[in-house]
Amino acid sequence: MLSEDARRSVEDSIKKYSQKKAAVLSTLHIAQKEKGWISEETIEEIAGILDIPSIEVKEVVSFYTIFNLRDVGKYHIQVCTNLSCSLLGSRHIVNYLEKRLGLGVGKSTEDKRFSLSEVECLGSCGTAPMMQINEDYYENLTEEKIDKILESLGHAQK
Amino acid sequence: MERYLTKNFDVQDSETIKVYLSQGEGYKAVENALKKMTPEQIIDEIKKSGLRGRGGAGFPAGLKWSFMPKDNARPKYICCNADESEPGTFKDRQIIEKDPHQLIEGLIIGAYAMGVNTVYIYIRGEYASQAKILQNAIDEAYDNGYLGKNVLGTDFNIDIYIHRGGGAYICGEETGLMESIEGKKGQPRKKPPFPAGYGVWGYPTTINNLETFSHVSHIINRGADWFKGIGTEKSTGNTLFGVSGHVKRPGVYELPFGVSLKEIIYEHAGGIRNDNELKGVIPGGSSTKILTADMIDVRMDHDSLMQAGSSIGTGAIIVMDHTTCMVRVGCVLSHFYRHETCGQCTQCREGTAWMHQIIARIEKGEGEIEDLDILLDIASNMEGNTICALSDAAAWPVQGLLRYFRDEFEEHIKQKKCPFTDSFLV
Ligand SMILES: Cc1cc2nc3c(=O)[nH]c(=O)nc-3n(C[C@H](O)[C@H](O)[C@H](O)COP(=O)(O)O)c2cc1C
Ligand code: SF4
Ligand code: FES
């Protein structure tokens, strides 16, 4: 169930549109921010709030890549591997993260703290290579910088 | 050369209305437009200025605005396109982060000119912190009477809402964007009908890129003739060039249309890293055809790039030095389009998958020489007869690479491996 606060934000979003259904993306963002991912139960709840069949919510969740359909780690690390980042070593960044976290792309650590994905261009091409962790951008990445970021997220040094 | 879009970018707190108003011209354009100009006069001024869309296609903005029905019998909408998903492009984001009020002014003036009372800013979902900055700016504009009911005491009402996307390139296409606003999958619609007749929820709608709207207040403040005096005859004004890749100073540069690509790379962006040799440049975002090092005297405007066999696109310049393996470039780009096709049209769905498969195979050293003509066949099949332009956008980079770097593809096939040992990895 979504919290009271989340329900209030959803009500505010609905007011932006002439049709309730249009608020489905906003609602999914609100839900993902609170839960970390979108479960079957959340889909049913959203369908109920917006008065639409749950299949219409499902269609949207599976079309838009930003929504997680499974329980990802607390910190979802997404490395851009599109051209400008690739040119400046994003493959190396992915390899380094795999090594530091001991996990492959598309996987989560056992303690569910971290998961790792490759994503398309995130609009930080001038500060490549870059990654996004949950909502935050980390740019001009180097190994040292990654070490510091992981440390700040509670991942001990090697 | 005067910068007007980015002139306050270095000012402390430039995203706040306080700083914006203290800079002299802040919200003067809205004041003048609403109190001294008729909607027709505004559209004429924008037409006269020659302002062209900055989202990729370069359509004249004033002309687009004039397609909107003049009567107010039904609701009308503006959608501001801040999806910014064309690889290499990172300019709209800078306006949001550093000077969002000039955008809001442009949106108010556009809405007044087209008789619109509701504006949606469609911002890509990943721009979470940018959405917050923008919402703060919108809230400030409401608090100061520039948005809401009876703007500045006139009888004009306007609301601006942010709509966050969900990580799909196709939602940057204008009809995919409208579907997405309606809360559906972002699958493009067949055109016609065009948005000005049948847009969001079937109502008349105008979609422009975020940067396009950001030029408007400056045109209103200083006149169409001033704007026309910047750039070239058919590409007027300054524009934001985003430079990335193997340059010393990547970043966004505000320069007049018509500046040479060489000047952008070697003067503004500081030249190639380690003073390496230049090999190729993608001049306008991932969808535009690559240029070779000996073509960089080209002027960066719509006509000149068209003559050079490419396109100015979003002004996103991706620079590659001599270490770069062009087959790998093809691999990365074709992967992107394969991932982003919405799948409605067979040529696009299948074509993007085949192209990526074949190029990846060539990169691994498992390609055949026939593959190159097959690639070109697929590409030409993908052009021109699909619902939206993503299919063309996927075909062009491959055609461009095979036009100028066919020898590198052949070398991979002959040697049965990638010969570029120093290239970036995929
Ligand atoms: C696949 C595809 C993706 C697009 N992505 C964007 C985008 O992210 N931002 C944008 O402004 N225009 C994008 N466009 C262009 C829009 O369809 C539309 O032409 C543009 O927003 C109109 O604004 P303008 O005339 O001010 O350029 C895209 C087009 C296609 C075919
Ligand atoms: S061209 Fe491609 S992206 Fe565009 S509608 Fe057809 S399948 Fe979808
Ligand atoms: S290519 Fe990585 S952010 Fe654009």
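Within the stretch B:222-255, can you find the residues that are of a type outside the set (F, W, Y), open to solvent by less than 20 Å² (accessible area, probe 1.4 Å) and within 14 Å of chain A (Cβ to nearest Cβ)?
B:L240, B:G242, B:V243, B:S244, B:G245, B:H246, B:V247, B:G251, B:E254, listed by residue number.
Does the stretch A:90-105 contain any residue that is within 13 Å of chain B (Cβ to nearest Cβ) and among the small types (G, A, S)?
Checked the stretch A:90-105: at least one residue is within 13 Å of chain B (Cβ to nearest Cβ) and among the small types (G, A, S).
Those residues that are near ligand 3 (Cβ under 8 Å from one of its atoms) and surrounded by 24 or more Cβ atoms within 10 Å (Cβ to Cβ), I need them from the stretch A:121-131; list them, please.
A:C121, A:L122, A:G123, A:C125, A:A128, A:P129, A:M130
Can B:G400 be described as more than 16 Å from ligand 1 (Cβ to nearest atom) and touching a His at 6+ places or on another chain (Cβ under 9 Å)?
Numbers: more than 16 Å from ligand 1 (Cβ to nearest atom): yes; touching a His at 6+ places or on another chain (Cβ under 9 Å): no.
For B:G400, the condition - more than 16 Å from ligand 1 (Cβ to nearest atom) and touching a His at 6+ places or on another chain (Cβ under 9 Å) - is not met.
Assess whether A:E56 counts as being more than 7 Å from chain B (Cβ to nearest Cβ) and in a helix (DSSP H, G or I).
Judged against the criteria, A:E56 is a match.
Give the residues of the stretch B:172-221 that are open to solvent by 10 Å² or more (accessible area, probe 1.4 Å), away from chain A (no Cβ under 14 Å), part of a helix (DSSP H, G or I) and within 16 Å of ligand 2 (Cβ to nearest atom), sorted by residue number.
Scanning the stretch B:172-221 gives a single hit, B:E174.
Restricting to the stretch B:3-46, name every residue that is within 26 Å of the chain's Cα centre (by Cα), touching a residue at least 40 places away in the same chain (Cβ under 8 Å) and more than 18 Å from B:I104 (Cβ to Cβ).
B:R3, B:I43, B:E45
So in the stretch B:40-63, with the set limited to residues that are of a type in the set (D, E, K, R) and surrounded by fewer than 23 Cβ atoms within 10 Å (Cβ to Cβ), which one is nearest to B:T212 (Cα to Cα)?
Here the residue is B:K47.
List, please: which pairs have Cβ atoms under 6 Å, are six or more places apart or on different chains, and start with a residue in the stretch B:167-180 that is within 16 Å of ligand 3 (Cβ to nearest atom) and end with one that is open to solvent by 10 Å² or more (accessible area, probe 1.4 Å) and part of a helix (DSSP H, G or I)?
B:Y169/B:E340
Rundown of residues vs (1) within 14 Å of chain A (Cβ to nearest Cβ); (2) among the charged types (D, E, K, R); (3) within 16 Å of ligand 3 (Cβ to nearest atom), yes/no style:
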| residue | (1), (2), (3) |
| --- | --- |
| B:C345 | no, no, no |
| B:A360 | yes, no, no |
| B:K364 | no, yes, no |
| B:M382 | no, no, no |
| B:S391 | no, no, no |
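Taking A:N95, is it open to solvent by 10 Å² or more (accessible area, probe 1.4 Å), in a loop (DSSP other than H, G, I, E, B), within 28 Å of B:V247 (Cβ to Cβ) and free of Cβ contacts under 8 Å to residues at least 40 places away in the same chain?
Numbers: open to solvent by 10 Å² or more (accessible area, probe 1.4 Å): yes; in a loop (DSSP other than H, G, I, E, B): no; within 28 Å of B:V247 (Cβ to Cβ): yes; free of Cβ contacts under 8 Å to residues at least 40 places away in the same chain: yes.
Considered against the rule, which asks whether it is open to solvent by 10 Å² or more (accessible area, probe 1.4 Å), in a loop (DSSP other than H, G, I, E, B), within 28 Å of B:V247 (Cβ to Cβ) and free of Cβ contacts under 8 Å to residues at least 40 places away in the same chain, A:N95 comes out as no.
Criterion first (more than 12 Å from chain B (Cβ to nearest Cβ), in a helix (DSSP H, G or I) and not polar (S, T, N, Q)) does A:E44 satisfy it? Walk me through it before giving the result.
Values: more than 12 Å from chain B (Cβ to nearest Cβ): yes; in a helix (DSSP H, G or I): yes; not polar (S, T, N, Q): yes.
Against the criterion (more than 12 Å from chain B (Cβ to nearest Cβ), in a helix (DSSP H, G or I) and not polar (S, T, N, Q)), A:E44 qualifies.
Does the stretch A:40-58 contain at least one residue that is touching a strand residue (DSSP E or B) at 6+ places or on another chain (Cβ under 9 Å) and either surrounded by fewer than 18 Cβ atoms within 10 Å (Cβ to Cβ) or in contact (Cβ under 8 Å) with a residue 60 or more places away in the chain (or both)?
no
Scan the stretch B:136-166 for residues that are part of a loop (DSSP other than H, G, I, E, B), surrounded by fewer than 24 Cβ atoms within 10 Å (Cβ to Cβ) and in contact (Cβ under 8 Å) with a residue 40 or more places away in the chain and jot them down.
B:N144, B:Y146, B:L147, B:T154, B:F156, B:N157, B:G166
Are any residues in the stretch B:307-323 more than 28 Å from B:R93 (Cα to Cα) and within 11 Å of chain A (Cβ to nearest Cβ), and if so, which ones?
B:T323
The values are calculated or read from the model by the stated rules, or taken from the named source; none is laboratory data. For clarity, every value in this text was computed on a predicted model and none was experimentally measured. Note that each Cβ is placed from the backbone with ideal geometry, even for glycine, and that neighbours are counted across all protein chains shown. Heavy atoms of the whole protein, side chains included, go into the accessibility calculation; ligands, DNA and RNA do not. Shrake-Rupley method; radii C 1.70, N 1.55, O 1.52, S 1.80 Å.
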